[in-house]
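The values are calculated or read from the model by the stated rules, or taken from the named source; none is laboratory data. Everything numeric in this text was worked out from a predicted model, so none of it was measured. Ideal geometry is used to build each Cβ from the backbone, glycine not excepted, and the neighbour counts take in all protein chains shown. Calculation scope for accessible area: heavy atoms of the full protein, side chains included, ligands and nucleic acids excluded. Shrake-Rupley method; radii C 1.70, N 1.55, O 1.52, S 1.80 Å.
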Amino acid sequence: MDQLVKFLISGGLLKDERIIAAFRLVDRKDFVPRSIASSAYFDEALPIGEGQTISEPGVVAFMLSLLAPRVGDCLVDIGYGSGWQTALLAALVGERGKVYAMERLDKLCEVGKENVKKYKPLFPRIRFYCQNAKDGLPLEAKMVGGFDGLIAAAEVKEVPLAWRDQLKIGGRLIYPRRNSIYKETKLKNNNFKVEIYQGFVFVPFLERG
């Protein structure tokens, strides 16, 4: 894992010291199928079943840098899949933070949850939801006064209104769309500052079923 971290640092994809520490703590090898464990430290997407993948480490590092998680944040992880990014987020929000992880595919719900259980200090910081993410988590959002950030791992054709509504002012929304990564920051009067970063490929976000 250390070799992968050094590679991402040299490529300019890992810069933030807290994210670097999270990458070193949460071993990607613990989140890929055993049959492809030897490929865990390659900077490439790998299959995890159900037609889904665990994203390239470089892409995850970049998206986390855009999200900029802080200690104590309440974050939503959409399409948690293998659970790797979820565990990284849990490391970044600290003991006072919370990660709400959502996945709609039953098999991956269990796989991802079991993977994260390997990290006992991080597991209590996460709440897992095996359900469609289109409506977000309205009750939880109200309880915490709005989420500090929401990050989606799969390509989103149209951003559900609930995702924007459930962010607090200053909250960050990170998602892939049309081979680009979007960052939306919620401003006053329900306006958003939008930044677009091009040149990425993702599996599609599954909205139904």
**Report entry** Tilt relative to the chain, helix 84-93 - C-alpha long axis, 0 to 90 degrees, to 10
**Finding:** 60
Query raised in the report: Given 0.36 nm per residue, what is the gain on full extension from K29 to K120 after removing their alpha carbon distance, in nm?
Result: 31.1 nm
Query raised in the report: Which ³J(HN,Hα) values in Hz, rounded to whole numbers, follow from the phi angles of the range 17-33 under the Karplus curve 6.51 cos²θ - 1.76 cosθ + 1.60, where θ = phi - 60° and Gly and Pro get x?
Result: 5, 5, 5, 4, 5, 5, 4, 6, 6, 9, 6, 4, 4, 6, 10, 10, x
Query raised in the report: Using a 1.4 Å probe, what is the accessible area per residue for the range 143-203, in Å²?
Result: 50
Requested in this report: Note down the magnitude of the dipole of the chain about its Cα centre, charges +1 on Lys and Arg C-beta and -1 on Asp and Glu C-beta and zero elsewhere, to the nearest 20 debye.
Outcome: 480
Query raised in the report: If K193, K134, K188, K113 are ordered by their accessible area, calculated over protein heavy atoms with a 1.4 Å probe, which sequence runs from highest to lowest?
Result: K188, K193, K134, K113
**Report entry** Given [x] 10.6; [y] 12.9; [z] 15.0, the label whose value is mean projected area of the Cα convex hull in nm² derived from this model
**Finding:** [x]
Report task. For G171, enumerate residues with amide H under 5 Å from its amide H, sequence gap 5+ or separate chain, H modeled in the peptide plane. Result -> K186
**Report entry** For the range 60-92 and the range 106-135, distance of Cα centres in Å
**Finding:** 13
Report summary line: Relative to the compact-globule estimate 2.2 N^0.38 Å (N residues), the Cα gyration radius of the range 54-126 stands at a ratio of 1.02
Report task. Measure nothing fancy, just the Cα-based angle from helix 106-116's long axis to the longest principal axis of the chain, in degrees from 0 to 90, nearest 10. Result -> 70
Query raised in the report: Share of the range 100-209's accessible area from carbon and sulfur, percent, 1.4 Å?
Result: 52
**Report entry** Debye intensity ratio I(q)/I(0), log10, the range 97-154, q values 0.14, 0.20, 0.22 Å⁻¹ (C-alpha model)
**Finding:** -0.41, -0.83, -0.98
Query raised in the report: Over the chain, what is the relative contact order in whole percent, taking alpha-carbon pairs under 8 Å and six or more residues apart?
Result: 16
Report task. Would you be so kind as to identify which of G51, S38, F62 lies farthest towards the positive end of the dipole of the range 1-100, taking Lys and Arg as +1 and Asp and Glu as -1 on Cβ and the Cα centre as origin? Result -> F62
Query raised in the report: For the Cα atoms of the chain, what angle does the longest principal axis make with the long axis of helix 57-67, in degrees from 0 to 90, nearest 10?
Result: 30
Query - Stretch gain in nm, segment S65-E110, where the contour uses 0.36 nm per residue and the Cα spacing is subtracted - result: 13.5 nm
Requested in this report: For K168 and D2, calculate 0.36 nm times their separation in residues minus their Cα-Cα distance, and state this gained length in nm to one decimal.
Outcome: 56.2 nm
Query raised in the report: Can you list residues whose amide H is under 5 Å from L14's amide H, if they're 5+ apart or on another chain and H is modeled 1.01 Å from N?
Result: I9
**Report entry** All-pairs alpha carbon distance profile, the range 125-184, 10 Å steps from 0, percent
**Finding:** 21, 56, 22, 1
Report task. Return the tail of the calculated pair distribution for the range 1-100, meaning the percent of Cα-Cα pairs more than 23 Å apart. Result -> 21
Report summary line: Among GluC sites (Glu not before Pro) in the range 124-178, those in a DSSP loop whose Cβ has at most 12 other Cβ atoms within 10 Å are E158
Query raised in the report: Given the rule -39500 (n - 2.57) for each run of at least 4 DSSP H residues, summed and divided by the residues of the chain, what is its mean residue ellipticity at 222 nm, to the nearest 500 deg cm²/dmol?
Result: -8500 deg cm²/dmol
Query raised in the report: When you count, for each residue, the other Cβ atoms within 10 Å and take the mean per peptide, how do 65-72, 144-151 rank with the highest first?
Result: 144-151, 65-72
Report task. Assign unit charges at the C-beta atoms only (+1 for Lys and Arg, -1 for Asp and Glu), then state the dipole size of the range 65-110 relative to its Cα centre in Debye, rounded to the nearest 20. Result -> 120
